[in-house]
Amino acid sequence: MLYSRIISFTQISIKAKEFNFLTNEGKIEVLNLVLCEIDGLLSIDEIIKRVPNAYHISISPSYISPTTSQNLAKLKQQQKIKVLELFTIDVLIDIGDFWDFLQENLDPKSKITLIYSFYIRSIEFFEVLKQMIQCWEPFDERPLLKC
């Protein structure tokens, strides 16, 4: 079967079964979803688990369900993530669970971009995350955070 290692969609609406078909082989390495709806609001954990070999993940907007944080903490990607971009995040993510996800799944010196919706009070989240990143071991492999 021929397959693409890149999925890049802008302003489309697809069903979850179509997204599952496109990602079924688990071979996607680059995922870029901008202003896309997958069955309305598919949360970031549901999207990320469908691309276990993706080293570049960019999602905008980034929907968070009540179980997203816990689900992310349990995810173990087959490929370490080099670039993680989550834009227009609609709910605060639990920092402890998100940290567990990052430690387990980030490549050394990876780049993380996290942008919350304007109405989310995210200053404390970023302050804590920045402090945690300063404690990353080994220190010279810590990720670069943009917020």
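Output the number of residues of the stretch 105-147 satisfying the condition of being within 17 Å of Lys82 (Cα to Cα), charged (D, E, K, R) and out of contact with any strand residue (DSSP E or B) (no Cβ under 9 Å at 6 or more places or on another chain).
Of the residues in the stretch 105-147, the ones within 17 Å of Lys82 (Cα to Cα) are 105-114, 133, 136-147.
Checking which are charged (D, E, K, R) leaves us with 107, 109, 111, 137, 140-142, 146.
So of that shortlist, the ones also out of contact with any strand residue (DSSP E or B) (no Cβ under 9 Å at 6 or more places or on another chain) come out as 137.
Result for the stretch 105-147: 1.
Take Ile48 and tell me if it is closer than 24 Å to Leu102 by Cα and part of a strand (DSSP E or B).
Values: closer than 24 Å to Leu102 by Cα: yes; part of a strand (DSSP E or B): no.
No, not satisfied.
Residue by residue through the stretch 1-33, note down the ones that are touching an Asp or Glu at 6+ places or on another chain (Cβ under 9 Å), crowded, with 19+ Cβ neighbours inside 10 Å and modelled with pLDDT of 90 or more.
none
May I ask you to list the residues in the stretch 53-67 that are under 13 Å from the mean Cα position of the chain (by Cα), in a loop (DSSP other than H, G, I, E, B) and either aromatic (Phe, Trp, Tyr) or more than 26 Å from Glu141 (Cβ to Cβ) (or both)? I'd like the intermediate steps shown before the answer.
In the first step, residues of the stretch 53-67 are kept if they are under 13 Å from the mean Cα position of the chain (by Cα); the result is 53-64.
With in a loop (DSSP other than H, G, I, E, B) added as a condition, the list becomes 53-55, 61, 63-64.
Selection gives Tyr55, Pro61, Tyr63, Ile64.
Condition (residue is modelled with pLDDT under 95, part of a loop (DSSP other than H, G, I, E, B) and touching a Lys or Arg at 6+ places or on another chain (Cβ under 8 Å)) applied to the stretch 115-128: is it met by at least one residue?
no
Taking the condition of being farther than 23 Å from Pro108 by Cα and aliphatic (A, V, I, L, M), how many residues in the stretch 37-83 meet it?
4
Out of curiosity, is Ile93 crowded, with 16+ Cβ neighbours inside 10 Å, in contact (Cβ under 8 Å) with a residue 24 or more places away in the chain and within 26 Å of Lys17 (Cβ to Cβ)? Walk me through it before giving the result.
Values: crowded, with 16+ Cβ neighbours inside 10 Å: yes; in contact (Cβ under 8 Å) with a residue 24 or more places away in the chain: yes; within 26 Å of Lys17 (Cβ to Cβ): no.
Spelling it out, it is not the case that Ile93 is crowded, with 16+ Cβ neighbours inside 10 Å, in contact (Cβ under 8 Å) with a residue 24 or more places away in the chain and within 26 Å of Lys17 (Cβ to Cβ).
Considering only the stretch 68-80, I want to know if a residue exists there that is outside any helix (DSSP H, G or I) and aliphatic (A, V, I, L, M). Quick ask: steps written out before the conclusion?
Residues of the stretch 68-80 that are outside any helix (DSSP H, G or I), as a first pass: 75-80.
Retained after the next criterion (residues that are aliphatic (A, V, I, L, M)): 75.
There is at least one residue in the stretch 68-80 that is outside any helix (DSSP H, G or I) and aliphatic (A, V, I, L, M).
Suppose we keep only residues that are charged (D, E, K, R) and more than 16 Å from the chain's Cα centre (by Cα) within the stretch 110-147. Which one would you say is surrounded by the most Cβ atoms within 10 Å (Cβ to Cβ)?
Step one: list which residues in the stretch 110-147 are charged (D, E, K, R), which gives 111, 121, 124, 127, 130, 137, 140-142, 146.
Still in the running and more than 16 Å from the chain's Cα centre (by Cα): 121, 124, 127, 130, 137, 140-142.
Numbers: Arg121: 8, Glu124: 10, Glu127: 11, Lys130: 11, Glu137: 8, Asp140: 8, Glu141: 12, Arg142: 17.
Ranking the candidates gives Arg142 first.
Of all residues in the stretch 34-52, count the ones that are buried (at least 17 other Cβ atoms within 10 Å of the Cβ) and over 11 Å from the mean Cα position of the chain (by Cα).
Of the residues in that region, 4 qualify.
The values are calculated or read from the model by the stated rules, or taken from the named source; none is laboratory data. Note that the structure is a prediction, hence the values are computed from the model and not measured. No Cβ is skipped: glycine too gets one built from the backbone with ideal geometry, and neighbour counts run over all protein chains shown.
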